[in-house]
Amino acid sequence: MSPLPGNRPALFLDRDGVINAEKNYVNRIEDFEFVDGIFDLCRSAVAAGMAIVVVTNQAGIGRGYYSEAQFLSVTEWMVSRFAEEGIVIGGVYYCPYHPEHGIGGYKADSFDRKPNPGMILRARDELGLSLERSILVGDKASDIAAARAASVGRAVLLAPSHVPPSSVPDLQADSLHKINELLFGPLIQERHG
């Protein structure tokens with residue numbers, strides 16, 4: 001029996017394209033480039049009482065481009081960089097499977113793989129989160145679809161152009177700075193007084 005959902009909201013973040021610049025299957029620290037504004041956005045969320053949770057498809061593992069150990073090493077470094085910025089990452093959830101291009105045991109249609117809601121629902125249960133009060137920021141239609149499937153309160157798309165009607169977000173902007181301002185504007189003004 002899973003625990004009852006808690007009352008704490010979360011800011012769910014996709015990794016590639018939101019936390020770090022979208023490149024071909026980032027799996028080395030030297031290739032990891034933080035997206036401008038990510039730390040400010042997370043600081044605003046923390047100030048608003050939100051947990052920071054990463055939910056990321058990592059099909060590069062399943063495709064054999066890099067190992068889970070390599071991913072976990074980069075993740076450990078990423079979490080430590082957030083800590084240096086005064087931000088605690090409450091959890092990192094990843095899905096290494098791919099239904100068509102996975103190799104061996106990684107070739108699977110996983111409930112965790114976005115657009116499915118599995119990672120978000122596991123985070124809810126394990127961290128005691130209120131999904132209705134939470135926000136997800138992603139850069140793909142599959143992120144928005146996963147947020148909808150998990151009943152996350154607000155789905156935010158970091159993208160410069162339109163998306164398929166099936167995945168229309170609650171909010172869309174072309175920069176994390178703009179998303180931060182739209183979501184947490186009054187709180188930012190209060191902090192900077």
Worksheet item: Regarding Ser44, is this residue at pLDDT below 95, touching a helix residue (DSSP H, G or I) at 6+ places or on another chain (Cβ under 7 Å) and not charged (D, E, K, R)?
Response: no
Fill in: Number of positions in the stretch 127-142 that are part of a helix (DSSP H, G or I) and of a type in the set (Gly, Ala, Ser)
2
Worksheet item: Could you say which residue among Arg113, Arg124 is in a helix (DSSP H, G or I), more than 23 Å from Glu181 (Cα to Cα) and either basic (Lys, Arg) or touching a His at 6+ places or on another chain (Cβ under 7 Å) (or both)?
Response: Arg124
Response to the item:
Picked from the stretch 76-104 (must be under 19 Å from Leu41 (Cα atoms) and part of a helix (DSSP H, G or I)), the residue farthest from the chain's Cα centre (by Cα) is Glu84
Practice prompt. May I ask you to list pairs of residues, at least six apart or on different chains, whose Cβ atoms are under 8 Å apart, with the first in the stretch 153-174 being in a loop (DSSP other than H, G, I, E, B) and of a type in the set (D, E, K, R) and the second being surrounded by fewer than 19 Cβ atoms within 10 Å (Cβ to Cβ) and at pLDDT below 85?
Written response: Asp174/Pro160
Practice prompt. Restricting attention to the stretch 54-105, report how many residues are under 17 Å from Leu11 (Cβ atoms) and in contact with a Phe, Trp or Tyr (Cβ under 6 Å, 6 or more places away or on another chain).
Written response: 4
Response to the item:
In the stretch 1-24, anything over 10 Å from the mean Cα position of the chain (by Cα) and either modelled with pLDDT under 85 or closer than 25 Å to Ile61 by Cα (or both) is listed as Met1, Ser2, Pro3, Leu4, Pro5, Gly6, Asn20, Ala21, Glu22, Lys23, Asn24
Discussion item. Would you confirm, using the coordinates I've provided, whether Glu84 is of a type in the set (D, E, K, R) and either under 25 Å from Ile38 (Cα atoms) or surrounded by 18 or more Cβ atoms within 10 Å (Cβ to Cβ) (or both)?
Written reply: yes
Discussion item. Within the stretch 58-71, does at least one residue satisfy the condition of being among the β-branched types (Val, Ile, Thr) and either farther than 22 Å from Phe111 by Cα or under 16 Å from the mean Cα position of the chain (by Cα) (or both)?
Written reply: no
Discussion item. Looking only at the stretch 17-61, filter to residues that are in a strand (DSSP E or B) and polar (S, T, N, Q); which one of those is surrounded by the most Cβ atoms within 10 Å (Cβ to Cβ)?
Written reply: Asn57
Worksheet item: In the stretch 111-125, what residues are closer than 17 Å to Met50 by Cα and touching a residue at least 60 places away in the same chain (Cβ under 8 Å)?
Response: Ile120, Ala123, Arg124, Asp125
Worksheet entry | Within the stretch 133-150, tally of residues that are free of Cβ contacts under 8 Å to residues at least 40 places away in the same chain and either surrounded by fewer than 20 Cβ atoms within 10 Å (Cβ to Cβ) or within 13 Å of the chain's Cα centre (by Cα) (or both) | 5
Worksheet item: Given the conditions (1) within 21 Å of Lys114 (Cα to Cα); (2) touching a residue at least 24 places away in the same chain (Cβ under 8 Å); (3) of a type in the set (A, V, I, L, M), which single one is not true for Leu72?
Response: (2)
Practice prompt. Taking the residues in the stretch 87-100 that are out of contact with any Ser or Thr (no Cβ under 9 Å at 6 or more places or on another chain) and exposed (fewer than 14 other Cβ atoms within 10 Å of the Cβ) as candidates, determine which candidate is farthest from Asn57 (Cα to Cα).
Written response: Val88
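The values are calculated or read from the model by the stated rules, or taken from the named source; none is laboratory data. Just so you know, these numbers come straight off a predicted model, no measurement behind them. With ideal geometry, Cβ positions are generated from the backbone for all residues, glycine too; neighbour counts draw on all protein chains shown.
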